[in-house]
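Asker: Take a look at the following structure, please.
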Amino acid sequence: MTPILEVTQLRKAYGKKQALENVTFALEEGSSFGFLGPNGAGKSTTMKILTGITKADSGTIRLLGRDISANPALASEHIGYVPQEITLYEKLSAYDNLLFFGQSYGVKGAELKRKIAEVLERTGLSDRARDEIQTFSGGMKRRINIAAALLHHPRLLILDEPTVGIDPQSRNHIFGLIRDLNREGVTVIYSTHYMEEVEALCDRVAIMDRGTVKAEGPLGSLLEQYGRKAIYLEAPELTEAPSLPEVTKAEKEGSGWILETEQVSRTMQALMELGSRLRWNVKQLEVVRPSLESVFLRVTGTALRD
Ligand code: ADP
């Protein structure tokens, strides 16, 4: 199967600042791709290059198997882009904003009216269609911004940190909408600096830091490859962590111990034997699920903080 998007070695500098060093990834149609990285990592720059708003200094982008530098109309035809900044006319109604955006995407007449009704319904704002945008909350404006990006029925939807600074109700609505669109076959690229959003929404992840994709793949593979492997053990007798050759690091957590190990089953077995021999009163002994946070820490060497 041809990937819907292939991005190869994108580079971009703003003056002396090298915003993108090397951004390379590919996406199968229908996937939901999380772009995870701290502020300044290069996520927005990458997205702006994908949509044709910014030009890369070098590198190639193939959309549906075709180079977009040779076919610039491809991006506007197939990509819906929701920028980080709200781009709506405050004094126009939601409906008139959507009319304007639809026309700029080349949707017209009865088809545009039908699409506007549909996207308003999907974003839960049909009853506010005739109200001016300036009366909307931040979350509602964001939902209209997403609605605008859906009018031309894009195959690839790119959202740049769409939940920053919005209320929980709008956030839940946006999550539900993205899941539904993805189920219907729309490929989604979602940038965020919140791990839990990637875990909730995305089947593939790119970890971006300092202008480079440091690791990329299915969420499960990244957790398996880079996630912290550990066992949680709680037994009141253990005033110190049990010493086992496979345990690379031990940390107190709550009333128990987190024991890091590359050989989870072997360590588990050893702990069970040791516990039974020394008659520990084991309250809990379980494998700790690897977290995306531990993947990020391993891959970038730093914690991802807000
Ligand atoms: P992210 O979306 O991950 O927060 P950006 O792509 O916005 O990252 O930024 C990447 C780097 O490029 C940052 O160091 C940022 O300051 C710089 N940058 C982004 N846009 C511009 C611009 N228009 N002019 C100069 N520097 C920029």
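The values are calculated or read from the model by the stated rules, or taken from the named source; none is laboratory data. Since the model is a prediction, treat every value here as computed from it, not as a measurement. Cβ placement follows ideal geometry from the backbone for every residue including glycine, while neighbour counts extend to all protein chains displayed.
Asker: Filter the stretch 15-39 for residues that are near the ligand (Cβ under 10 Å from one of its atoms) and without any contact (Cβ under 8 Å) to a residue 60 or more places away in the chain; which is farthest from Val299 (Cα to Cα)?
Answerer: Per the criteria, the residue is Gly15.
Asker: Going through Glu260, Glu286 one at a time, which residue ends up being of a type in the set (Asp, Glu), under 27 Å from His193 (Cα atoms) and assigned to a strand (DSSP E or B)?
Answerer: None of the other options fit; the residue is Glu260.
Asker: Looking for whichever is outside the structural domain of Ala13 (by TED's automatic domain parsing), buried (at least 18 other Cβ atoms within 10 Å of the Cβ) and of a type in the set (D, E, K, R) here; the options are Glu273, Glu260, Glu253, Glu234. Which one fits?
Answerer: From the options Glu273, Glu260, Glu253, Glu234, the qualifying one is Glu260.
Residues are listed down the side, and each one gets a yes or a no for (1) polar (S, T, N, Q); (2) in contact with a Ser or Thr (Cβ under 7 Å, 6 or more places away or on another chain); (3) within 16 Å of the ligand (Cβ to nearest atom):
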{"site": "Ala41", "(1), (2), (3)": "no, no, yes"}
{"site": "Lys48", "(1), (2), (3)": "no, yes, yes"}
{"site": "Thr60", "(1), (2), (3)": "yes, yes, no"}
{"site": "Leu74", "(1), (2), (3)": "no, no, no"}
{"site": "Ile79", "(1), (2), (3)": "no, yes, no"}
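Asker: Then there's this: When the stretch 6-38 is examined, which residues are found to be closer than 14 Å to Thr54 by Cβ and either in contact with a Pro (Cβ under 7 Å, 6 or more places away or on another chain) or among the β-branched types (Val, Ile, Thr) (or both)?
Answerer: Val7, Val23
Asker: Go through the stretch 60-81 and give me each residue that's of a type in the set (Val, Ile, Thr) and surrounded by fewer than 18 Cβ atoms within 10 Å (Cβ to Cβ).
Answerer: Thr60, the sole residue that qualifies.
Asker: Which residue is farthest from Lys48 (Cα to Cα), if the candidates are limited to the stretch 190-237 and must be in a loop (DSSP other than H, G, I, E, B) and either within 13 Å of the ligand (Cβ to nearest atom) or of a type in the set (Ser, Thr, Tyr) (or both)?
Answerer: Tyr194
Asker: Conditions first: (1) part of a loop (DSSP other than H, G, I, E, B); (2) in contact with a Ser or Thr (Cβ under 8 Å, 6 or more places away or on another chain). Gly185 passes all but one, so which condition is the exception?
Answerer: Of the numbered conditions (1) part of a loop (DSSP other than H, G, I, E, B); (2) in contact with a Ser or Thr (Cβ under 8 Å, 6 or more places away or on another chain), the odd one out for Gly185 is (2).
Asker: Right, another one. If Glu184 meets every condition in (1) away from the ligand (no atom under 16 Å from the Cβ); (2) in contact (Cβ under 8 Å) with a residue 12 or more places away in the chain apart from one, which number is that one?
Answerer: Status for Glu184: all satisfied but (2).
Asker: Also, quick follow-up: Taking the stretch 25-42, which residues are surrounded by fewer than 16 Cβ atoms within 10 Å (Cβ to Cβ) and under 12 Å from Gly211 (Cβ atoms)?
Answerer: Scanning the stretch 25-42 gives a single hit, Gly40.
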